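The values are calculated or read from the model by the stated rules, or taken from the named source; none is laboratory data. The model shown is predicted, which means the values in this text are computed figures rather than measured ones. Using ideal geometry, Cβ is built from the backbone for each residue, glycine included, and neighbour counts are taken over all protein chains shown.
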């Protein structure tokens, strides 16, 4: 059985081919909060570096990622912390 993290990564790679993606399960930090489940896999931090984000504002990037992960949200994903960058932006970050 695949983990939610691996499904998130696969969905993002399908939506943003060639992207660099890091997925971190932060569910343990949200125990007892809204949307948290005893088994975890509800809260994630994502870093996605993709040329597809070029020319897109922060809101458009966020909407694109949320659309790519709609099936996961329907299946219990509760919250994401997003860092969405173009390759140029990623290269300029120390």
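For the reader, a short list of remarks on this structure follows.
- Condition check for residue 64: under 14 Å from the mean Cα position of the chain (by Cα), in contact (Cβ under 8 Å) with a residue 40 or more places away in the chain and buried (at least 16 other Cβ atoms within 10 Å of the Cβ): yes
- Annotation: of all residues in the range 1-21 being modelled with pLDDT of 85 or more and out of contact with any helix residue (DSSP H, G or I) (no Cβ under 9 Å at 6 or more places or on another chain), the one that is farthest from residue 86 (Cα to Cα) is 3.
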